[in-house]
Amino acid sequence: MKQEIFTKKVRINIVATSFLVLIIVGWIQYNYQYSHLKNKFHGKIENVIKQQLMNDLGSIKGIISSLSSYYQSTTEMNSSVFSTLSNGLLDNYRYIEAIIFLTIVKDEEKEIFEEDMREDGHYNFSINTINKNRTILKSTEIKSKYAPIIYIEPSNYYLTKYYGLDLYNTMTFKSSFDEASKTGNVIIKDNIVMDNLGKEMTFFIKPTYKNITRLDTEKKRIENTNGFYLIAINIEKLFSDIKEKFPDFNITTTKYDSTIENKAQSVFFDELYFFEKISDLERSYIYITKQLYLNDYNLVSFVLILFITMVIQALLVVIWYINESSKITLHYKATHDDLTTLANRTYFKEQFNKKINNFNNTNNKFIAVLFIDIDNFKDINDSFGHKFGDEVLIKVSKKFKTTLSNQILISRNGGDEFLILMDGRNNIESIVDLINEIMELISQPITLKSYNLHLTVSIGVSLYPNDGNNIDDLLKNADAAMYIAKDDGRNTFKFYQKNMTEELMEKLLLQNELKDAIQNDEFTLNYQPQFDGRNDKLVGMEVLVRWTNKNGNTVAPVKFIPLAEQTGLIINLDRLVMKKAIKQFAEWKNQNFNTGRLSINLSIKQLKTEDFLEIFKELLTRYNVNPRDIELEVTEGALMDNPLDAIAKLDDLSNFGINLSVDDFGTGYSSLAYLKKLPISKLKIDKSFVDGLPDHNDDVAIVKSIIALAKSLNLDVIAEGVENIQQREFLVANGCNKIQGYFYAKPLKKEEIELTF
């Protein structure tokens, strides 16, 4: 009994002394911490804004590089194609003021070139120059070469007057053109005033070259330069967009001096030089409640009392340690994880309950529970084994222990899941700061057995007392928020909202039902016919899967197909659909029923499996189906996740004779450089663009651009979701002959197909 009372006294002494030390350390560090945290907060916000600006400017650099690559690879560039490609970009990027193309003309070719341009419809065309008064005049000086403007969009009155203007021989642009031609890089030219528009423009410059395989020297690049793309952007509009995204912050811009511009001209384009425009970020989330000074205390007395107290504590701790060492060992094992030595879930709950017992006696606004899960950790275990995975968990745990504050409780929940408990915080920003610190910490590569691993985490957050009155509810809710973060693409965090738990439960129930449905084959197939819009002839049909569960209820594809993708069940579902579809297609062929080509949707996860091609070939052989009669559809977004890997996989299918189509085209972010390398034969225009035809100008521009792109790459094109005759007539008139949609037929069952066709 004495031992128990004595132990409590020791614990009270330790807590009291520690509390006193914390007060003094906190008091000494107060002003320093205030300034440090404020600067750190502002720096993080500034980094967010800089990243947004970098993304926008990087997009312009990617656009001009893609346009240059497309020009070099095509033989069908004309004013119409240029207009189609440019207007779509002008609509989507409001800070682009103009897209321009200059062609290189040598002096001996000048007269013939001018005559050819006049014959092509540019009446009174001549290669012009501009004087000091910004007046456009016909060029009379003999130059070794010229670079006149031959395409410019938008084609309005203020810009078309620049047709024929030789920008190469102006002092404003010459050095930039030479640098671009020599290096092949994107070059920046800033502070250019477009007189009629009265605007200061920033120009992106990218050279185009003749279609020659090797351009590995400056001399070859200069000799083979045949033109330049220019994109003029309005920096003020760009900053206006960024200001709208961050309305709570006072962001001002300043002019930067010419030394920055000159530096940018002489090297490969660097988005960071624009960040000189950010001059001030103002927001005060950290505030002072009391001002303390060090000389308010008697340090000599404090040090003496502290020393005596520490001696007493040391003696008591030694006595307590001797008597209680065995109990401590047992308690430690019961409350800590054997693998990582972090606290376990049991200890985490104990500490939380202690905190809420004192919650009403403190100034805390909340207690936060963070639920952390390592993204795609299963892939590490599957690829390298569980022992290797354990080593990874140990290294992650060491990162947590050595980097995060000792005032934050970190525990392992099990598997690759970790929990964090924090309190005493006055605002949500403190949690966000901690989360950003964790995500930055985890993103640093881990080296293990000569492998460099790049990890990310998904984090869910719940707050006491807002999101639950006990630890079990808070953990459940933080877990639900974490799963929502994973659904949003991983490597992010979510705060709990009340509907998350219901959504997660519904999702888990649906996942179990879906797994059973695949095993019990509860799926049927529908077929949506595809027609040639010119003669209304049936040319093919797309296979669509439908699910009626064991209770007789129909489950919409938009609910179960994304879930199948997320959980990996899509692989077995795809194989079930393929087997049913190919078997039915073979039966129709044997009955001399010509359905045209059969289109089957293919998940990118299915494509990544090692045995897919072997299984697919075996299916075609078993049912005696010609590969040329089958078309596999892969969504644009899935292809662009890992285009190099997709190219290799799709090449194998194409070599076998399978036709390949890009589904939902236009909804993702395809790179033209990759698109032309893919062994595809068809682009499918997404329904979202067809809906607005022929009245919606944006949809008209996008659809025309996709059709033009398909033709330039020698690809077939089909539109889905066509519902009325006006849409069909517009598509056929603009070169998209293949049509799919309710205008002809909704998805039909097998029996309906046989009766209808």
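The values are calculated or read from the model by the stated rules, or taken from the named source; none is laboratory data. Quantities reported herein were computed from a predicted structural model and do not represent experimental measurements. We place every Cβ from the backbone using ideal geometry, glycine too, and count neighbours over all the protein chains shown.
Within region 381-401, no residue that is under 19 Å from Leu342 (Cβ atoms) and not assigned by TED's automatic domain parsing to the domain that holds Ile442 sits with its Cβ atom under 8 Å from a residue that is exposed (fewer than 15 other Cβ atoms within 10 Å of the Cβ) and at pLDDT below 90 at 6+ positions apart or across chains. Hey, which of the helices (runs of 4 or more DSSP H) in region 688-757, taking only ones fully inside, have at least 1 residues that are in contact with a Lys or Arg (Cβ under 9 Å, 6 or more places away or on another chain)? Where helices (runs of 4 or more DSSP H) fall fully within region 688-757 and carry at least 1 residues being in contact with a Lys or Arg (Cβ under 9 Å, 6 or more places away or on another chain), they are 697-712, 725-733.
Quick check on my filter: what residues within region 607-626 are without any contact (Cβ under 8 Å) to a residue 12 or more places away in the chain and surrounded by 11 or more Cβ atoms within 10 Å (Cβ to Cβ)? If the condition is that a residue be without any contact (Cβ under 8 Å) to a residue 12 or more places away in the chain and surrounded by 11 or more Cβ atoms within 10 Å (Cβ to Cβ), then Phe612, Glu618, Arg622 are the ones that fit.
Note on region 86-108: residues that are assigned to a helix (DSSP H, G or I) and either farther than 10 Å from Tyr146 by Cα or of a type in the set (Phe, Trp, Tyr) (or both) total 8.
Considering Leu672, Leu653, Leu607, Leu598, the condition of being modelled with pLDDT of 90 or more and of a type in the set (A, V, I, L, M, F, W, C) is satisfied by Leu598 alone.
As for region 734-743, it holds no residue that is crowded, with 22+ Cβ neighbours inside 10 Å and at pLDDT below 90. Note on region 132-228: enclosed helices (runs of 4 or more DSSP H) holding 1 or more residues that are modelled with pLDDT of 90 or more, within 24 Å of Ser73 (Cβ to Cβ) and in contact with an Asp or Glu (Cβ under 6 Å, 6 or more places away or on another chain) are 174-183. A single entry from Ile753, Ile706, Ile718, Ile739 fulfils the requirement of being of a type in the set (Val, Ile, Thr) and farther than 25 Å from Lys580 by Cα: Ile706. Annotation note: Cβ proximity below 6 Å between a residue of region 121-146 that is under 20 Å from Glu109 (Cβ atoms) and in contact (Cβ under 8 Å) with a residue 12 or more places away in the chain and a residue that is among the aliphatic types (A, V, I, L, M) and part of a strand (DSSP E or B) (sequence gap 6+ or interchain) occurs for Asn128/Ile136; Asn128/Leu165; Thr129/Leu137; Tyr146/Val105.
If you check Asp574, Asp611 for being within 26 Å of Lys746 (Cβ to Cβ), among the charged types (D, E, K, R) and in the same structural domain as Leu675 (by TED's automatic domain parsing), only one passes: Asp574. If only residues of region 419-440 that are surrounded by fewer than 16 Cβ atoms within 10 Å (Cβ to Cβ) and of a type in the set (A, V, I, L, M) are counted, the one that is modelled with the highest pLDDT is Val432. Would it be correct to say that Ala368 is aliphatic (A, V, I, L, M), over 33 Å from the mean Cα position of the chain (by Cα), surrounded by 13 or more Cβ atoms within 10 Å (Cβ to Cβ) and assigned by TED's automatic domain parsing to the domain that holds Asp467? It is false that Ala368 is aliphatic (A, V, I, L, M), over 33 Å from the mean Cα position of the chain (by Cα), surrounded by 13 or more Cβ atoms within 10 Å (Cβ to Cβ) and assigned by TED's automatic domain parsing to the domain that holds Asp467. Here Asn624 fulfils each of the conditions (1) modelled with pLDDT of 90 or more; (2) within 16 Å of Val662 (Cα to Cα) apart from (2). Among residues of region 161-177 that are closer than 16 Å to Tyr123 by Cβ, those with a Cβ under 6 angstrom from a residue that is part of a loop (DSSP other than H, G, I, E, B), sequence gap 6+ or separate chain, pair up as Gly164/Phe125; Gly164/Ser126; Gly164/Ile127. Tallying residues that are under 18 Å from Gly62 (Cβ atoms) and either touching a Lys or Arg at 6+ places or on another chain (Cβ under 8 Å) or not assigned by TED's automatic domain parsing to the domain that holds Ile100 (or both) within region 200-225 yields 5.
Could you check, for region 586-601, whether at least one of its residues is part of a helix (DSSP H, G or I), touching a Phe, Trp or Tyr at 6+ places or on another chain (Cβ under 8 Å) and within 19 Å of Thr635 (Cα to Cα)? Checked region 586-601: no residue is part of a helix (DSSP H, G or I), touching a Phe, Trp or Tyr at 6+ places or on another chain (Cβ under 8 Å) and within 19 Å of Thr635 (Cα to Cα). Applying the set (1) more than 22 Å from Phe352 (Cβ to Cβ); (2) touching a strand residue (DSSP E or B) at 6+ places or on another chain (Cβ under 8 Å) to Asp390 leaves exactly one unmet item: (2). Scanning region 589-604 for residues that are out of contact with any strand residue (DSSP E or B) (no Cβ under 6 Å at 6 or more places or on another chain) and crowded, with 18+ Cβ neighbours inside 10 Å returns Ser603, Ile604.
Residues that are at pLDDT below 85 and in a strand (DSSP E or B) within region 118-131 comprise just one, Ile130.
Candidates are the residues of region 721-733 that are more than 29 Å from Ser69 (Cα to Cα) and in contact with a strand residue (DSSP E or B) (Cβ under 6 Å, 6 or more places away or on another chain); the one that is surrounded by the fewest Cβ atoms within 10 Å (Cβ to Cβ) is Arg728. Only one of these is acidic (Asp, Glu) and either buried (at least 18 other Cβ atoms within 10 Å of the Cβ) or in contact with a Pro (Cβ under 9 Å, 6 or more places away or on another chain) (or both): Asp178, Asp166. Name it. It is Asp166. Across region 484-499, a minimum of one residue is classified as aliphatic (A, V, I, L, M) and not assigned by TED's automatic domain parsing to the domain that holds Tyr742. Contact map, region 330-348: first residue farther than 21 Å from Asp473 by Cα and crowded, with 17+ Cβ neighbours inside 10 Å, second residue modelled with pLDDT of 90 or more and of a type in the set (D, E, K, R), Cβ cut-off under 6 Å, separation 6 or more or different chains; pairs are Asp337/Arg412; Thr340/Arg412; Leu342/Arg412.
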